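The values are calculated or read from the model by the stated rules, or taken from the named source; none is laboratory data. Please read all numbers here as calculations on a predicted model, not as lab measurements. Cβ sites come from the backbone with ideal geometry, for glycine too, and all protein chains shown count toward neighbours. Protein only, heavy atoms only, side chains kept; ligands, DNA and RNA dropped before computing areas. Shrake-Rupley method; radii C 1.70, N 1.55, O 1.52, S 1.80 Å.
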Amino acid sequence: MNGDGNPARARLRSLNETHLELEEAGLAQEPDPAQWSDEELMAAIAHHDEQAFGALYDRYADLVYSTSLRVLHDPQLAEDATQDIFVRLWERPGAFVSARGRFMSWLMSVTRNRAVDEIRARGRRQRREASGLESTDEPVGHVDRFENDPLRAAQAQEDQQSVRGALEGLPREQRVALELAYFRGLTQQEIAAKLHEPLGTVKTRIRLGMQKLRSSLEGQQH
Amino acid sequence: MARNGIDGHITREQADEYAVGSLEPEMERLITLHAADCARCREILFESEDVAATIAMSAPRHQAPPRLKNKVAVEAGITRPGPMQYFVRFGQAAAIFAAVLVSVAALTGMVSMRGQVQDLREQNAGLQSEVRDLSSQEVQILDLNMRVSEAEQRAAEFEESAERDRELLAAMMNPESETAEVVTMEHGEGAQGRLIWEEDEGRLWFVAHKLPELPGDQAYQLWVEDGGDYIPLGTLRPDDSGTATFVRNLANGLSGYAQAIVTVESREAGHAYERRGDSVFLVPSLPRSRE
């Protein structure tokens, strides 16, 4: 497995070899997994590196939990989903293939699918639909919004600011169509029925919304 | 890509709809399978997933409960449960036991109550109609319970199917996997098949589409050939759309087998391990396990 073509693994091997050389020279320091890229952490987790797993958890637990909570609106279910996702990630790190794209996009896709499966399985959708469109932002029950950790709160706010701005910059009907699909797991047909709009209108809103999000993100990168 | 099938490559619009999860399940499955074989379309999907991830990131940020990290570590087998967790587990077990006791007590009370109703029925004929009403309500509750059970079963099946689809996609994209050419035979009637050997997991997948519906006493049987003998691996169970996903662990790999074949067998023939029926698919050359 020396030449598997995986750049993350190659870099990890390189880091390990460098570490060994420094160790022989008596200059080695413990590598800090918190500084590694997502792909390097996943490559290390594939070799059962518990520190790497801890670092990855610290990096993404809040995001996975928040996304689950946004879909499920139940702190306990969101906690269960987060636990399930990270345990699977530890047990089957091969499910993420670095050639598949960005780790964070993959993780968000896994999180969203896991949470949507949960609401479908529990038949919670109908109950939440009855609660109306505008009441979906706040979950039921107590959740910690970093009241005791201002540093993490500031970091989370910074992370969110740009993407939130992009989404909030969309016309309301486009944002609603995207959120109904992504956070409620509704298909286009179901969204059309819910909003009493033609299917073609819903498809157009999703298409335009994604186009604008894409343009907005590209603008931020340049 | 046509509305109900795949004619070419995935469009940007379809990739976006796939990434936000707004497609109907059948179209979503077709795109998943197509992307597994098409690097160009995979790239389009990844780019759309990057955009869709920003929707997730826009969710109000909450702190994961601090205790969760330790729970994850215990569940993953990294950390053994501490005394407090043993205490919590004991507490949970005690709570369940208490609930069972309460249920038994309630049941006993219910039986007793029915006995009293029987006495009253003998004393007062007027109460008989009330008891009949109660019985009717009980039947309705039983009926509702049955419907809930059926709905739960359907939901569990859906979840299981979604989980299998995700595992299949991971298998298709696993660099250790190999795909074998599958030939559709005369009795396949336009069906398509694909065999994937997942080397590192030791798993054989067989996916089929557009399988013709069979009478209730017949089934699609997957075999592997070993020196002229056909060894049954299992049956393919197509859903309403004719799609079947089969997976099986083969600890010793595929090296001992010359080819694989799918036939239509009657239930008796399938159980008797004899290949008698017409061929649907042929896999003339199986992937070899690496030394």
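Table for the structure above
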read-out	value
Per residue solvent-accessible surface (Å²) - region A:159-222, probe of 1.4 Å	47 Å²
Residue mean of other protein chain beta carbons inside 10 Å, B:12-18	4
Phi-based couplings in Hz for region B:24-38 (Karplus 6.51, -1.76, 1.60; Gly and Pro marked x)	5, x, 5, 5, 4, 5, 4, 5, 4, 5, 5, 5, 4, 9, 10
Cut-off under 5 Å, modelled amide H: who pairs with B:ALA64 long-range	A:ASP62
Per residue accessible area in Å² of region B:206-285, where ligands, DNA and RNA are left out and the probe is 1.4 Å	50 Å²
Per-residue HN-Hα couplings for region A:50-56 [Karplus 6.51, -1.76, 1.60; θ = phi - 60°; Hz; x = Gly/Pro]	5, 5, 5, 4, x, 5, 5
Highest average packing first - B:229-239, B:61-71, B:257-267, Cβ atoms within 10 Å	B:257-267, B:61-71, B:229-239
By average C-beta atoms within 10 angstrom, highest first, the peptides B:210-220, B:151-161, A:46-56	A:46-56, B:210-220, B:151-161
Sorted peptide list for B:45-54, A:166-175, A:206-215, criterion being average Cβ within 10 angstrom, highest first	B:45-54, A:206-215, A:166-175
Karplus (6.51, -1.76, 1.60) ³J(HN,Hα), θ = phi - 60°, over region B:195-208, in Hz, Gly and Pro reported as x	10, 10, 10, 9, 4, 6, 9, x, 10, 9, 10, 9, 10, 10
Cα gyration tensor shape of region B:12-57, rounded if a/c is under 1.5, else prolate or oblate by comparing a/b with b/c	oblate
B:MET185 long-range amide H proximity, modeled H, under 5 Å	B:PHE281, B:LEU282
Interface A:B - total buried accessible surface [probe 1.4 Å, Å², rounded to 100]	5800 Å²
